[in-house]
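**Q** This is the structure I have questions about; it appears just below.
The values are calculated or read from the model by the stated rules, or taken from the named source; none is laboratory data. The model shown is predicted, which means the values in this text are computed figures rather than measured ones. Here the Cβ positions follow ideal geometry from the backbone for every residue, glycine too, while neighbour counts run over all protein chains shown. Remember, those area values only see protein heavy atoms, side chains included, never the ligands or the DNA or RNA. Shrake-Rupley method; radii C 1.70, N 1.55, O 1.52, S 1.80 Å.
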Amino acid sequence: MAIERTLSIIKPDAVAKNVIGQIYSRFENAGLKIVAAQMKQLSREDAEGFYAAHKERGFFKDLVDFMVSGPVMIQVLEGENAVLKNRELMGATDPKKADKGTIRADFADSIDANAVHGSDAVEAAQVEIAYFFGK
Ligand code: RTP
Ligand code: MG
């Protein structure tokens, strides 16, 4: 199986809830290694650029407002099948639909305040990692 890297963001709601450590433990227990990390207050420009693929969607402004509402914790996770593994740990976008035991089921409040971001494909991960950490 391929060793991959993926970009993870612990969103403002989960940082405010003081659960960075609990979420990091889930990554570590699943065999994902944290190989880079930074805490950051995103500017609107940062958030709009990061979610540019969604800019025509009705929820875009709410998404950007939420992502700049407090600091986020951004990390690169590395391991076997890291992209899919992280998505499985996260659970569905809407926490009401997320499987029991997933990060979103346990820590998220709503589809907007949904605790974590994770890249959805290897190619997206490369772009997103470069966006925050450079080459
Ligand atoms: P993310 O990119 O944050 O990891 O989330 P995702 O892949 O599970 O979901 P995506 O479709 O990429 O949407 C990005 C974020 O936009 C918000 N959203 N709201 N109201 C809505 O219908 C809606 N759909 C998406 C969510 O906060 C989602 O995480
Ligand atoms: Mg997404």
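Matching residues to (1) surrounded by 15 or more Cβ atoms within 10 Å (Cβ to Cβ); (2) assigned to a helix (DSSP H, G or I):
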{"residue": "1", "(1), (2)": "no, no"}
{"residue": "5", "(1), (2)": "yes, no"}
{"residue": "14", "(1), (2)": "yes, yes"}
{"residue": "28", "(1), (2)": "no, yes"}
{"residue": "46", "(1), (2)": "yes, yes"}
{"residue": "49", "(1), (2)": "no, yes"}
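**Q** I would also like to ask the following. Mind listing whichever residues of region 82-101 are assigned to a loop (DSSP other than H, G, I, E, B) and either within 12 Å of ligand 1 (Cβ to nearest atom) or under 14 Å from residue 23 (Cβ atoms) (or both)?
**A** 91, 92, 93, 94, 98, 101
**Q** Only one of (1) touching a residue at least 12 places away in the same chain (Cβ under 8 Å); (2) open to solvent by less than 90 Å² (accessible area, probe 1.4 Å); (3) closer than 24 Å to residue 5 by Cα fails for residue 33. Which number is that?
**A** Among (1) touching a residue at least 12 places away in the same chain (Cβ under 8 Å); (2) open to solvent by less than 90 Å² (accessible area, probe 1.4 Å); (3) closer than 24 Å to residue 5 by Cα, the lone unmet condition for residue 33 is (2).
**Q** Take the residues of region 102-119 that are touching a strand residue (DSSP E or B) at 6+ places or on another chain (Cβ under 9 Å) and assigned to a loop (DSSP other than H, G, I, E, B): which is nearest to residue 31 (Cα to Cα)?
**A** 119
**Q** Of everything in region 51-68 that's open to solvent by 80 Å² or more (accessible area, probe 1.4 Å) and assigned to a helix (DSSP H, G or I), which residue is nearest to ligand 2 (Cβ to nearest atom)?
**A** 53
**Q** Please indicate, with yes or no, whether at least one residue in region 110-129 is open to solvent by less than 40 Å² (accessible area, probe 1.4 Å), among the charged types (D, E, K, R) and within 12 Å of ligand 2 (Cβ to nearest atom).
**A** yes
**Q** Moving to a separate point now. So is residue 79 away from ligand 1 (no atom under 13 Å from the Cβ) and open to solvent by 20 Å² or more (accessible area, probe 1.4 Å) or not?
**A** So residue 79 does not fit the description; no.
**Q** From 33, 17, 11, grab the single residue that is of a type in the set (Lys, Arg) and either at pLDDT below 95 or under 14 Å from the mean Cα position of the chain (by Cα) (or both).
**A** 11
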